[in-house]
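Read the structure below first, then the notes.
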Amino acid sequence: MRARYRIPLNAALAAGALAAGTVAYAAGFEARSFRLRRVTVPVLPPGAPPLRVLQVSDIHMVSGQNKKRRWLQSLAGLRPDLVINTGDNLSDPEAVPEALDALGPLMEFPGAYVFGSNDYYAPRLRNPVRYLAERSSGRHGLNGNAPARNVPRNPWWQLRDAFDEAGWVNLTNTRGQLKAGGAEIALTGLDDPHIKRDRYEKVAGGPDRDADLALAVVHAPYLRVLDSFTADGYPLILAGHTHGGQLCVPFYGALVTNCDLDTDRVKGLSHHEAADHRSYLHVSAGCGTNRYTPVRIACPPEATLLTLTPAET
């Protein structure tokens, strides 16, 4: 006779309570526990005054997210010299007015932006296990996967028009230039590599050497993009997309990056090397989530204030 093994009722109830508590914490507290990351990056010319750059990313605005909206508005109190928006502003096609209201005070400062896939397309319900499968297979987004069919679109052009009217520089597969904090800044950006909209050939050749600073901007930090920017000599690359791993293991870290970047660089400041060049890379963990997975574990939502200082000699 085969033995039967049963989980004691008390153990099953305890496991269920633990799971419910974890979800409640991840959705009700941590996903709404907004933080400001502060980093210093030595990339300016000798003798230049510090330049304060606020990076916002992966807002994934959904109608009714008032705490997030108020927190983003409050960031204007930092008085940054420059704002860089690295995309994925939406997770709800009806949330454009709330996204713009949240960013309105920041649009009073010089800024630039790129879009991510969630600016263009509405999110879909997706099994989180697929991210682990994609990591093991090396396929992410449209990079090796079949194109999505019949995906509803978000009204991204409304964001574009508002950003442009505020004077923010559109860096969609193009270059731009602006003055901020007394510095002439050359900017080069790409459309989202996650959905294969990047066209590096349109911006290749390296930064404007007459500028005080050159910045490279992209939503998803795919290695092909980081290699190109670094080989062309950009001192600092700004990206988002990864959500910092979103569901991380405490005291271990991220399991996935949702691109081919390694998990050691899933968020924060690091380096990237290519063709005997070395760039700083900053990846924002972002301040939102897909509306169908509104949880974070060991990875609070964030924006980053980067203080740029003269390079070490």
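The values are calculated or read from the model by the stated rules, or taken from the named source; none is laboratory data. Keep in mind that what you see is a predicted model, and the values were worked out from it rather than measured. Cβ coordinates were reconstructed from backbone atoms using ideal geometry, including for glycine residues, and neighbour counts include every protein chain displayed. Heavy atoms of the whole protein, side chains included, go into the accessibility calculation; ligands, DNA and RNA do not. Shrake-Rupley method; radii C 1.70, N 1.55, O 1.52, S 1.80 Å.
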* **Charge-dipole axis of the chain as Lys and Arg at +1 and Asp and Glu at -1 on Cβ define it, positive-most pick from Ala122, Thr188, Val283** => Ala122
* Inter-part distance where the range 47-114 and the range 169-193 are each reduced to a Cα centre, Å -> 16 Å
* Can you tell me which of 105-111, 226-232 comes out highest on packing, and rank the rest after it, using the mean Cβ neighbours within 10 Å? => 226-232, 105-111
* Structure fact -> For the range 182-189, in residue order, the Karplus 3J(HN,Hα) values (coefficients 6.51, -1.76, 1.60; θ = phi - 60°; whole Hz; Gly and Pro = x) are x, 10, 8, 10, 8, 10, 9, x
* Structure fact -> Cross-link reach from Lys202 to aspartates and glutamates, straight Cα distance under 15 Å and at least 8 residues apart if same chain, gives Asp191, Asp192, Asp232
* Estimated FRET transfer efficiency when R0 is 41 angstrom, pair Asp161-Ala231 (beta carbons, to 0.05) -> 0.75
* Asked: Under 15 Å from a point 7 Å along the Cα-to-Cβ line of Gln177: which residues of the range 203-225 have their amide N that close?
  -> 206-215
* **Vicinal HN-Hα couplings computed from phi for the range 263-280 (Karplus, 6.51 cos²θ - 1.76 cosθ + 1.60; Hz; Gly/Pro x)** => 5, 5, 10, 5, 7, x, 9, 8, 10, 9, 10, 6, 6, 6, 10, 9, 10, 7
* Tell me the label-point distance for the pair Leu305, Asp101, using the 7 Å Cα-to-Cβ offset, in nm and rounded to one decimal. => 2.6 nm
* Which of Ser91, Gln55, Thr40, positive extreme of dipole for the range 36-121 (C-beta unit charges) -> Thr40
* Step through the residues of the range 80-93 one at a time and calculate ³J(HN,Hα) from phi using the Karplus curve (6.51 cos²θ - 1.76 cosθ + 1.60, θ = phi - 60°), rounding each to whole Hz and writing x for Gly and Pro. => x, 6, 8, 10, 10, 9, 9, x, 6, 7, 10, 9, 7, x
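How big is the dipole moment of the chain about its Cα centre under a simple scheme where the beta carbon of each Lys and Arg is +1, that of each Asp and Glu is -1, and everything else is neutral? Debye, nearest 20, please.
Working: 34 positive and 31 negative charges, 333 e Å.
Magnitude of the dipole: close to 1600 debye.
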* What residues qualify as long-range amide H neighbours of Val43, i.e. H under 5 Å apart, gap of 5 or more or another chain, H built at 1.01 Å from N? -> Thr309, Ala311
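In what order, largest first, do Glu273, Glu165, Glu30 sit by accessible area if the probe radius is 1.4 Å? Provide the component values of the computation, followed by the final result.
Numbers: Glu273 125, Glu165 160, Glu30 5 Å².
Ranked list, largest accessible area first: Glu165, Glu273, Glu30.
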* **the chain, helix-only ellipticity at 222 nm - DSSP H runs n ≥ 4, -39,500 (n - 2.57), divided by all residues, nearest 500** => -6500 deg cm²/dmol
* Sequence ranges 44-54, 129-139, 283-293, ranked by mean other-Cβ count within 10 angstrom, highest first -> 283-293, 44-54, 129-139
